[in-house]
Every structure is written in structure tokens, then in C-alpha cells.
1. Residue by residue, what Karplus-based ³J(HN,Hα) values in Hz, rounded to whole numbers, does segment 254-269 have, using 6.51, -1.76 and 1.60 with θ = phi - 60° and x for Gly and Pro?
2. Mind checking the full-extension length gain between Arg197 and Ile268? Use 0.36 nm per residue of separation minus the Cα-Cα distance, one decimal, nm.
3. Cut-off is 10 Å between beta-carbons; in what order do Met263, Met157 appear when sorted fewest neighbours first?
4. Return the distance in nm (one decimal) between the two label points of a simple spin-label model at Glu256 and Ala74, each offset 7 Å from Cα along Cα→Cβ.
5. Using the structure shown, select from Lys147/Lys250; Lys177/Lys220; Lys153/Lys266 the pairs with a Cα to Cα distance greater than 29 angstrom.
6. Let me understand segment 148-267 better: what is its radius of gyration from the alpha carbons, and its Dmax, in angstrom?
7. For the pair Lys234 and Ala66, how long in nm is the line joining their label points, each one 7 Å along Cα→Cβ?
8. What residues from segment 39-55 fall in the zone where the backbone N is under 15 Å from a label point 7 Å along the Cα-to-C-beta line of Ser176?
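Read-outs: derived from the displayed coordinates by stated rules, not from any lab. Quick caveat, the model's predicted, so the values are computed rather than measured. Neighbour counts run over all protein chains shown; Cβ positions are idealised from the backbone, glycine included.
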Amino acid sequence: MKIVTICGLVGLGALSLWGCATEGDFRAFQAEVRRELAQQDQVLRDLKRRFEDQQSERSRIAKQVADQGAEVSALQREVAALRGQLESLAQKGGPGEDLRKSQAQMRQELDALKRALEQLGATVPAATAPPMAPPPPPSPAPATPEKAEDLYKVAMMRFEEGDNLKAREGFQAILSKFPQSNLADNAQFWIGECYFREGNFKQAILEYEKVISQYPKSPKVPAALFKQGMAFEKLGDLESARYLYSKVTKDYPDSEQARMAEMRLKNIP
């Protein structure tokens, strides 16, 4: 029967266990996991680049619409001015030749301006009287934490409330905005915890591995190894779980995870 093993994850799935796990198996497992993580990082970079391209295109279109709106406003002002002049001339009375010529000329200009305004209106439907003013600034969004500590506090609050998605987004925001923060290793660990609590044990293993590989001196490493063991145990791979528990007790004998690992080892048949 095929069982998940630390010999590797293929397509984020499990390999078959063919004997006891060894240090070499664990190294192979880590190498495979890191390849999977590199592929995930490339996908994220591609998505980010596409998002930035879309944002740039939206900004260009918004500027074009704003420019056209300003042109419409200018034409509307000219139309209003010409109407005022026509009314003023009409009030003077006297059907003199000069007056008729002036009125005819201004009506031609007014008609030309109306046509130009209609043409612009076809491309900027929102530009109707009264003259379009610049769009008001967006309402200020609710204040968002700008410090890693604040983001971490909010994410932990979401985690304690059971909102795994919001908690994971908060921890990921720390890694994106403050990658050098002294809370980065903790944030990465809790991302793994979110997946573990959701029952997505394979993804949890990958996230815990990031703690081990990217923050090898972090105090969270024993916990990450221990939780990898628990994830493999949940998946039914007792040999891999046993190996990881043993590694915790051997490499981090004074840690709380070492004591918990010893208890888990006693319960594995």
C-alpha cells in the first residue's frame, strides 16, 4: 500500500514508502519541497507582474478620460459664453447689417462647438452639463496597520477567532511588506498552522519547510519540524512522522517540542 513519506512530495502529493526513512531520505525530501516552493514563487511573481500591467493600463485609461473630460468642460464654457453674447446682441435690437452678421457668425461658431461637444460626448458619456469637475478623492479607507507588529497582532487575532483565510492573508502581508522583520519567521510558521487547522496537511508541510529552510536559526524550527511530523501522521505516514519526531528530540532536546515528540513517539505503533 502506498503511504506518504518524507522521501519527497510529487505534485504536492505523497511518494510511496519503501523502507525506513533515513537522513538521506530527509535531505531528498527537503530538496523536492524546495523545488515545489520555487515553482510556487515563480507563479506568484507572474501573477504580480500581470496585476501591475493591468494597473498601469487602468491608470492610462483614467488619465485619457480625465483629459477628455477637461476638454468637454472647456467646450461647454465656450458654448455658454457664446449664448450669453447672442442674448446680449439680441437685447440691443436694431436689425443692422453688422448685427446680423455678428449673430450669424456666432451661431456658426456655436453650432461647431455643439458638434465638437457631441463627438466628445460619444467617447466620454459621463461628460454632460454641468461641467464635469475632477473626481473627488476616494474616501479614506479604514486605517490599516503599517508596522509588522500591528499586522502580526491583527493576524493573530483573526487566527484566534478561527478566520484562517484572514489570518493567513495577514501573516502573508508581513512577509510581503516586512520580509526582514524579526516576526517574519513567526508569520511563516503561522501560515503553516492555518493550513494545518484547515486539514490541508500537504500544504502545511510545505509552509513549515519554509521556516526550516529560510529561517534555519529561528526558534520556530523545532515547532516546524514537530508539526511536519504531526502532518505526516495525519496523512498516515507513520515512518516519516517517527523520523521527524526523533529528529526534534535529537537536535533540540531542551525544547518543549522535544518533550511532546517523545510522547508522540510512544503512541506510534
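1. Along segment 254-269, the couplings run 8, 7, 4, 5, 5, 5, 5, 5, 4, 5, 5, 4, 5, 8, 7, x Hz.
2. Numbers: separation 71, 0.36 × 71 = 25.56 nm, distance 2.13 nm.
23.4 nm is the gain from fully extending Arg197 to Ile268.
3. Values: Met263 9, Met157 13.
Least to most surrounded, the residues fall as Met263, Met157.
4. Taking the two extended label points, one gets 6.9 nm.
5. Details: Lys147/Lys250 37 Å; Lys177/Lys220 21 Å; Lys153/Lys266 36 Å.
Pairs exceeding 29 Å: Lys147/Lys250; Lys153/Lys266.
6. 14.2, 42
7. 4.8
8. Within reach of a label on Ser176, which here means backbone N under 15 Å from a point 7 Å along Cα→Cβ, segment 39-55 contributes 41-55.
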